[in-house]
Amino acid sequence: MACLLETPIRMSVLSEVTASSRHYVDRLFDPDPQKVLQGVIDMKNAVIGNNKQKANLIVLGAVPRLLYLLQQETSSTELKTECAVVLGSLAMGTENNVKSLLDCHIIPALLQGLLSPDLKFIEACLRCLRTIFTSPVTPEELLYTDATVIPHLMALLSRSRYTQEYICQIFSHCCKGPDHQTILFNHGAVQNIAHLLTSVSYKVRMQALKCFSVLAFENPQVSMTLVNVLVDGELLPQIFVKMLQRDKPIEMQLTSAKCLTYMCRAGAIRTDDNCIVLKLDHDLKHAHELRQAAFKLYASLGANDEDIRKKIIETENMMDRIVTGLSESSVKVRLAAVRCLHSLSRSVQQLRTSFQDHAVWKPLMKVLQNAPDEILVVASSMLCNLLLEFSPSKEPILESGAVELLCGLTQSENPALRVNGIWALMNMAFQAEQKIKADILRSLSTEQLFRLLSDSDLNVLMKTLGLLRNLLSTRPHIDKIMSTHGKQIMQAVTLILEGEHNIEVKEQTLCILANIADGTTAKELIMTNDDILQKIKYYMGHSHVKLQLAAMFCISNLIWNEEEGPRRHCSSTWRDKSTLGACEHPTSLLKEVQELASFDSFYLHKSPWTAGSCFAKAIW
């Protein structure tokens, strides 16, 4: 059975399919069942925490074969179980992975597996189903298509604590409206789940509690039923109140408060009941304070130590809790959650894995749409890190309209927001495609670029120069941009070189000139500008070595002609009409610059200084 991706497979993905990935898939077709089993086990070990490997295996067609083995009656139970585990691991990758699994009709295959008498296999199938159904790309209706599924899941609740945890989690994520509530209620969800609130497993208790919160939401029928449910001789509302106590985890306190609130709104609990009046107001405020303090603590702990950051992220459900904090009603909690994520985003490894697995960029972009400045400053700092070249989040952030948002930040009255806006654009432009660079220039506008180049804040000026360097890199990009914005850019460069700026600013500006000089046609904007040539000549004789070197790079790129090889004399290269066009500069000026440059074999016998980028940087 062919498994088609919903979106076209990029050629870059296909090019990364390695021989080892093909080897894993080939082993699934071995005639020896024992070798197939070992192949599946090895595949399981290979995909753990490796999204690239997961994508490779999906592209190579591993999913249809795994599903075939999972459904074959001749397959051993151990093989079926391992297949379910691998499929679950693939589902824990990107959203595109889940879409591919859905296209291969994985849900019916896993639901069929729940009919097996083997508990381990059932748990593996449920674990995979849990992962798929909790993905935002999975339609909840797939759970309700077959009328026999819900009653069978209710029957499986008694098998083990794992079946209880996974099934409750599936129910809580797939109950999205009155119709779903009615189906679950009519199949005895309240009676079957109520006793799980006293389970010895915290995960089971928590997932059961979440089930009740979604069942009771705006549903008077369920809420009125919950009031009279007894669990070990105690009414359910009293159990919820106990779960609000301060010694309970914050997540449990908040979810219990939701249940009581929904029951109160439905009229099942009186508004003047003590458990509502006294507990909710006080404990919710206390819960917010605790969450804020916890996020601040984690942010401080993970600020400078990679091992600690790893331990924080690997703590069970920690990333989910922090991400949830971004949508809290309390501004202080939201701010603390953003600070915590910003601290954790300093890890290259976590940017590549955990931040992508939990799609942190999505709630972050929502925060950036409408938030107080104090939150925007931290959130935009974190966005700079997510836009680093190696971050998998960079592409979806670009597709979500980040360019316009960031260009908007550059116009803020708050200097910190202007810095972060331009810093993020600089990271975005680093080794970017021409389209992205064009989008940045179009959204930012040359007028705003000039304003930023004359900004009183030195950090804003430096990051704007860094953005220009990154835009003016790669020869075709340089020529394209300079053909449309050359006059304005050259004017800006001239003003900065003539102004009262420090060494670092002028060095960055000369580096921009060196990049322009690396263009094929763009260099003519320098060659035909006596003022710029005089300034390059001046800085080659400057007392500061950084400015000397940057000016030398300008000359090196201006005189370089790749077609005629590295051993070129300055004069012949300067006058090469095939590259530069007719040069009308006075011979005396050219000779002065050439003599001052004193280019020896160190420069001319090596490859030219390639147009450099201002390296994408993280905000620590």
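The values are calculated or read from the model by the stated rules, or taken from the named source; none is laboratory data. Worth saying up front: this structure is predicted, and the values here are computed from it rather than measured. Note that we place each Cβ from the backbone using ideal geometry, even for glycine, and neighbour counts take in every protein chain shown. Keep in mind that these areas ignore ligands, DNA and RNA; they rest on the heavy atoms of the full protein, side chains included. Shrake-Rupley method; radii C 1.70, N 1.55, O 1.52, S 1.80 Å.
Points worth noting:
- Per the listing Leu197, Leu184, Leu153, the residue uniquely in contact with a strand residue (DSSP E or B) (Cβ under 9 Å, 6 or more places away or on another chain), buried (at least 20 other Cβ atoms within 10 Å of the Cβ) and of a type outside the set (Lys, Arg) is Leu197.
- Residue satisfying all of: in the stretch 362-382; open to solvent by 40 Å² or more (accessible area, probe 1.4 Å) and either more than 13 Å from Val338 (Cβ to Cβ) or outside any helix (DSSP H, G or I) (or both); modelled with the lowest pLDDT among these: Asn370
- Enumerated helices (runs of 4 or more DSSP H) restricted to the stretch 176-235, each holding at least 3 residues that are more than 36 Å from the chain's Cα centre (by Cα) and in contact (Cβ under 8 Å) with a residue 40 or more places away in the chain: 220-227
- Flag if Ile489 is part of a helix (DSSP H, G or I) and more than 22 Å from Leu533 (Cα to Cα): no
- Residue within the stretch 260-268 that is open to solvent by less than 10 Å² (accessible area, probe 1.4 Å) and either modelled with pLDDT under 95 or outside any helix (DSSP H, G or I) (or both) present: yes
- Criterion (surrounded by 23 or more Cβ atoms within 10 Å (Cβ to Cβ) and either modelled with pLDDT of 95 or more or of a type in the set (D, E, K, R) (or both)) met by exactly one of Gln164, Gln112: Gln164
- Total residues in the stretch 300-339, condition open to solvent by 20 Å² or more (accessible area, probe 1.4 Å) and over 20 Å from Leu383 (Cβ atoms): 18
- Test set (1) open to solvent by less than 20 Å² (accessible area, probe 1.4 Å); (2) at pLDDT 95 or above - Ile239 fails condition number: (2)
- Check on Val367, in contact with a Leu (Cβ under 6 Å, 6 or more places away or on another chain), hydrophobic (A, V, I, L, M, F, W, C), over 11 Å from Leu386 (Cα atoms) and in contact (Cβ under 8 Å) with a residue 40 or more places away in the chain: yes
- If the condition is being in a helix (DSSP H, G or I) and open to solvent by 10 Å² or more (accessible area, probe 1.4 Å), then the stretch 41-53 contributes Ile41, Asp42, Lys44, Asn45, Ala46, Asn51, Lys52, Gln53.
- When residues in the stretch 57-85 are screened for being in contact with a Pro (Cβ under 8 Å, 6 or more places away or on another chain) and assigned to a helix (DSSP H, G or I), 1 of them pass.
- One residue stands out among those in the stretch 86-105 that are within 17 Å of the chain's Cα centre (by Cα) and not in a helix (DSSP H, G or I): the one that is surrounded by the most Cβ atoms within 10 Å (Cβ to Cβ), which is Gly93.
- Test: Gln38 is surrounded by fewer than 19 Cβ atoms within 10 Å (Cβ to Cβ) and touching a Lys or Arg at 6+ places or on another chain (Cβ under 8 Å): yes
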